[in-house]
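Right, one structure below, let's go through it.
The values are calculated or read from the model by the stated rules, or taken from the named source; none is laboratory data. Note that the structure is predicted; figures quoted are calculated from it, not measured. Backbone-built Cβ (ideal geometry, glycine too); neighbour counts: all protein chains shown. When the accessible area is computed, the model is the full protein with side chains, heavy atoms only, and any ligands, DNA or RNA have been set aside. Shrake-Rupley method; radii C 1.70, N 1.55, O 1.52, S 1.80 Å.
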Amino acid sequence: MKPKFLLFKASAGSGKTYNLAIEYIALLVAQGEQAFRHTLAVTFTNKATAEMKDRILEFLYDIWKHQPKSEE
(Lines give C-alpha, C1' and ligand atoms only; values in the text may rest on other atoms or scores of the structure.)
Protein backbone atom coordinates (compact mmCIF):
# COMPACT_ATOMS: atom_id res chain seq x y z
CA MET A 1 0.00 0.00 0.00
CA LYS A 2 1.40 3.37 -1.00
CA PRO A 3 1.63 5.87 1.90
CA LYS A 4 -0.97 8.63 1.82
CA PHE A 5 0.18 12.17 2.49
CA LEU A 6 -2.09 15.02 3.46
CA LEU A 7 -0.64 18.51 3.52
CA PHE A 8 -2.23 21.60 5.04
CA LYS A 9 -0.55 24.83 4.02
CA ALA A 10 -2.23 28.08 5.01
CA SER A 11 -1.68 31.30 6.87
CA ALA A 12 -1.80 31.69 10.63
CA GLY A 13 -5.24 31.47 12.19
CA SER A 14 -6.78 29.68 9.23
CA GLY A 15 -7.64 26.44 11.05
CA LYS A 16 -4.73 24.14 10.19
CA THR A 17 -4.48 22.71 13.70
CA TYR A 18 -8.24 22.14 13.84
CA ASN A 19 -8.18 20.33 10.49
CA LEU A 20 -5.15 18.22 11.45
CA ALA A 21 -6.88 17.15 14.67
CA ILE A 22 -10.08 16.22 12.80
CA GLU A 23 -8.12 14.21 10.21
CA TYR A 24 -6.20 12.42 12.96
CA ILE A 25 -9.40 11.38 14.72
CA ALA A 26 -10.94 10.34 11.40
CA LEU A 27 -7.96 8.01 10.88
CA LEU A 28 -8.54 6.49 14.30
CA VAL A 29 -12.18 5.87 13.49
CA ALA A 30 -11.53 4.51 9.99
CA GLN A 31 -8.42 2.44 10.68
CA GLY A 32 -8.81 1.44 14.32
CA GLU A 33 -7.34 2.59 17.58
CA GLN A 34 -3.80 1.51 16.68
CA ALA A 35 -3.68 3.85 13.63
CA PHE A 36 -1.88 6.45 15.73
CA ARG A 37 1.20 4.22 15.67
CA HIS A 38 1.49 4.73 11.90
CA THR A 39 0.57 8.40 11.72
CA LEU A 40 2.95 11.33 11.78
CA ALA A 41 1.87 14.95 12.15
CA VAL A 42 4.56 17.58 11.75
CA THR A 43 4.37 21.13 13.05
CA PHE A 44 7.02 23.80 13.12
CA THR A 45 6.90 24.88 16.75
CA ASN A 46 6.51 23.25 20.13
CA LYS A 47 3.57 25.56 20.77
CA ALA A 48 1.76 24.27 17.67
CA THR A 49 2.51 20.68 18.68
CA ALA A 50 1.07 21.27 22.16
CA GLU A 51 -1.99 22.97 20.66
CA MET A 52 -2.62 20.04 18.31
CA LYS A 53 -2.23 17.52 21.15
CA ASP A 54 -4.63 19.49 23.35
CA ARG A 55 -7.13 19.80 20.51
CA ILE A 56 -7.06 16.05 19.80
CA LEU A 57 -7.54 15.22 23.47
CA GLU A 58 -10.37 17.75 23.70
CA PHE A 59 -12.13 16.23 20.67
CA LEU A 60 -11.70 12.69 22.01
CA TYR A 61 -13.09 13.76 25.39
CA ASP A 62 -16.10 15.38 23.71
CA ILE A 63 -16.75 12.22 21.68
CA TRP A 64 -16.48 10.08 24.83
CA LYS A 65 -18.69 12.44 26.82
CA HIS A 66 -21.51 12.19 24.26
CA GLN A 67 -21.49 8.39 24.02
CA PRO A 68 -24.55 6.74 25.53
CA LYS A 69 -23.78 5.14 28.86
CA SER A 70 -23.95 1.36 28.87
CA GLU A 71 -26.61 -0.11 31.10
CA GLU A 72 -25.33 -2.56 33.67
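A few points about this structure:
- Angle between the chain longest axis and helix 16-31 axis [Cα atoms, degrees, rounded to 10]: 50
- Value of [θ]222 nm, deg cm²/dmol, for the chain, DSSP H segments ≥ 4, -39500 (n - 2.57) each, nearest 500: -17000 deg cm²/dmol
- Model label zone, Glu51; criterion: amide N under 19 Å from point 7 Å along Cα-to-beta-carbon; scope segment 1-42: 7-25, 41-42
- Per residue accessible area of the chain, 1.4 Å probe, in Å²: 94
- Karplus-derived HN-Hα couplings along segment 50-64 (A = 6.51, B = -1.76, C = 1.60, θ = phi - 60°), whole Hz, x at Gly and Pro: 5, 5, 5, 4, 4, 5, 4, 5, 5, 5, 5, 4, 4, 4, 4
- Couplings 3J(HN,Hα) for segment 36-45, derived from phi with the Karplus relation 6.51 cos²θ - 1.76 cosθ + 1.60 (θ = phi - 60°), are 4, 6, 10, 10, 10, 10, 10, 10, 9, 9 Hz, where x marks Gly and Pro.
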